[in-house]
1. Taking H placed 1.01 Å from N in the peptide plane, check which residues at least 5 places from Ala73 or on another chain put their amide H under 5 Å from its amide H.
2. For the range 64-70, what does the Karplus curve 6.51 cos²θ - 1.76 cosθ + 1.60, with θ = phi - 60°, yield as ³J(HN,Hα) per residue in whole Hz, taken in order and with x for Gly and Pro?
Amino acid sequence: MTTKWANNPAGEKPDFSELFKEQYAVVLMRGKNSFGDHIYSYIKITFANFKRMYEEMEAKKQFTPSDYGEVVAAGTGEPTDEVKAEIAAQYPMLDQKPASSSSSGSGGSAAAPVAKKAWDEY
């Protein structure tokens, strides 16, 4: 016996913008401000806005990250270890690189990676 799968028995096309409007990811973006300074922004962006933002980036247009989501942290240069740890503690991270062994011995602890579940545990 073969199982037949259908995602929409009525034959309607799914509305993915509605499906993903509440789902988000936090993205680290790097760039330069109008003064030429290197800057970064962690942006909480809905999946529905990824396409719009990607199109702007591909067209090499200038844009403001807050037009696509909520800026949860920003600054000049690179984010500090403290900022990285705070973002990792507050938001689920898709991919965390292990902390560098050459970090300063200030006694700070790196945020533990989020445990990933098996596909059938959700």
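Please treat every number below as a calculation from the coordinates, not as lab data. Because the structure is a prediction, the values reported are computed rather than measured.
1. For Ala73, the qualifying residues are Tyr42.
2. Each residue's phi maps through the Karplus curve to give 9, x, 5, 6, 10, x, 8 Hz.
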